[in-house]
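The values are calculated or read from the model by the stated rules, or taken from the named source; none is laboratory data. Since this is a predicted model, take the numbers as computed values, not measurements. Cβ sites come from the backbone with ideal geometry, for glycine too, and all protein chains shown count toward neighbours. Accessible surface is based on the protein model in full, side chains and every heavy atom, while ligands, DNA and RNA are left aside. Shrake-Rupley method; radii C 1.70, N 1.55, O 1.52, S 1.80 Å.
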Amino acid sequence: LSIILIVTTLSAMLTGCGDSSKKDSVTLTVAHVLNETHPYHLAWTEVAKLVEERTDGAMRIEVFANGVLGNERDIIEGMQLGIVDISCMSTGALASFSPSFMALDLPFLFDSRENAYKVLDSEIGREMLDDLSDHMMVGIDFWENGFRDVSNSKRDVLVPEDLKGLKLRTLENELQMGTFTTLGANAIPMAWGEVYTALQQGTIDGQENPLATIYLNKIHEVTTHISLTEHFYAAAPVVMSKKTYDKLSPENQKVLVEAIQEVTDYERQISAQSDVDYLEALKADGVKIIEDIDKELWREACQPVYDKYKDQIGEDLLQRIQEKMNGKR
Ligand code: MLT
């Protein structure tokens, strides 16, 4: 958190950011942990352009990538304090603050992006975003990081048994850790910023992330096998500090929210396309890709996770999610 404070203070000194007394000009700080070529960042660049155009430069957005303002927990705490303005991030991190997102961390919940969008873009997703207001945040929309795949440097992981004993980094999220423990791995929660070095030094044998994140962060330099498990669909809620939101004029709130919601389709499209593009790129770089994953087998192996968390998540919510996917509501 101290890094955030130093960087945002410096940034504020340089740009006049967050100065609500300068009513006609505001610069908002966006923070995320992935890099400048990731769909998150490309989408933020687009939002920044729209916002600046539509306010004649009176509202600007400055995007800090690569976790320079801290890991996802720091960013969330920063938003609660009002020293980071906006972010998009894994539900893995957010669910520890706002448990309504927990259902989205269930393994093999969504078998396609279309099914995920049916739920996230419905009143179910809206309720999850609205619950953030109890935690000093404002939920705006759902972008995505995509389907997560396991990568490791030890062996072909084809069936859940192949995870036995693998030291696998997970998000700092009880349900996601529990999923990998259930599957037999030695689950090690860790902030994203530490993962490359931990793999390099052999503190962990593997990790799990979408192909774009693996490729763009050069995780394939330090893990040799990727299994296309697609075990979690990583929704990425776009979240704003409530303190910042409340300080904006109603006009600026509208411009900002509309710009983010307009960019959602673009972010999802480039994320989906990146699965195709980076699969080819990873193959071309000589990474061993394990493609023939029997998802039904994996889903069955994850059943204890559903049994364990169904009361906490709420059977009613789980049923509503199923019905939404089946087009019943
Ligand atoms: C991570 O593994 O930490 C995530 O990919 C970060 C994110 O989803 O934002």
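Some observations on this one:
- Positions within the range 66-80 being within 12 Å of the ligand (Cβ to nearest atom) and open to solvent by less than 10 Å² (accessible area, probe 1.4 Å), in sequence order: Ile75, Ile76
- Count of residues meeting criterion [open to solvent by 10 Å² or more (accessible area, probe 1.4 Å), touching a residue at least 40 places away in the same chain (Cβ under 8 Å) and more than 16 Å from the ligand (Cβ to nearest atom)] in the range 22-52: 4
- Residues of the range 274-313 satisfying the condition of being under 20 Å from Lys218 (Cβ atoms), over 17 Å from the mean Cα position of the chain (by Cα) and not β-branched (Val, Ile, Thr): Asp277, Tyr278, Leu279, Glu280, Ala281, Leu282, Lys283, Ala284, Asp285, Gly286, Lys288
- Whichever residue in the range 161-210 is of a type in the set (Lys, Arg) and open to solvent by 60 Å² or more (accessible area, probe 1.4 Å) and, among such residues, is nearest to the ligand (Cβ to nearest atom): Lys167
- Any hit, the range 135-152, residues being open to solvent by 30 Å² or more (accessible area, probe 1.4 Å) and charged (D, E, K, R): no
- Here the condition is being under 30 Å from Asp121 (Cα atoms) and open to solvent by 20 Å² or more (accessible area, probe 1.4 Å); of Tyr233, Tyr215, it holds for Tyr215 alone.
- Contact map, the range 79-98: first residue without any contact (Cβ under 8 Å) to a residue 40 or more places away in the chain, second residue acidic (Asp, Glu) and open to solvent by less than 10 Å² (accessible area, probe 1.4 Å), Cβ cut-off under 6 Å, separation 6 or more or different chains; the map is empty.
- Inclusion of Thr213 among residues that are assigned to a helix (DSSP H, G or I), at pLDDT 95 or above, out of contact with any helix residue (DSSP H, G or I) (no Cβ under 6 Å at 6 or more places or on another chain) and among the hydroxyl-bearing types (Ser, Thr, Tyr) is warranted.
- The single residue among Ile83, Ile61 that is open to solvent by less than 60 Å² (accessible area, probe 1.4 Å) and either farther than 17 Å from His32 by Cβ or not in a loop (DSSP other than H, G, I, E, B) (or both) turns out to be Ile61.
- Residues being more than 18 Å from the chain's Cα centre (by Cα) and either within 16 Å of Asn71 (Cα to Cα) or of a type in the set (A, V, I, L, M) (or both) - total across the range 192-218: 4
- Pairing each residue of the range 182-193 that is farther than 11 Å from Ile204 by Cα with any residue that is surrounded by fewer than 16 Cβ atoms within 10 Å (Cβ to Cβ) and not basic (Lys, Arg), provided the two are 6+ apart or on different chains, yields C-beta distances under 7 Å for Thr182/Pro304; Gly184/Glu161.
- Lone unmet requirement of (1) within 19 Å of Ser87 (Cα to Cα); (2) in contact (Cβ under 8 Å) with a residue 12 or more places away in the chain; (3) more than 16 Å from the ligand (Cβ to nearest atom) for Glu258: (2)
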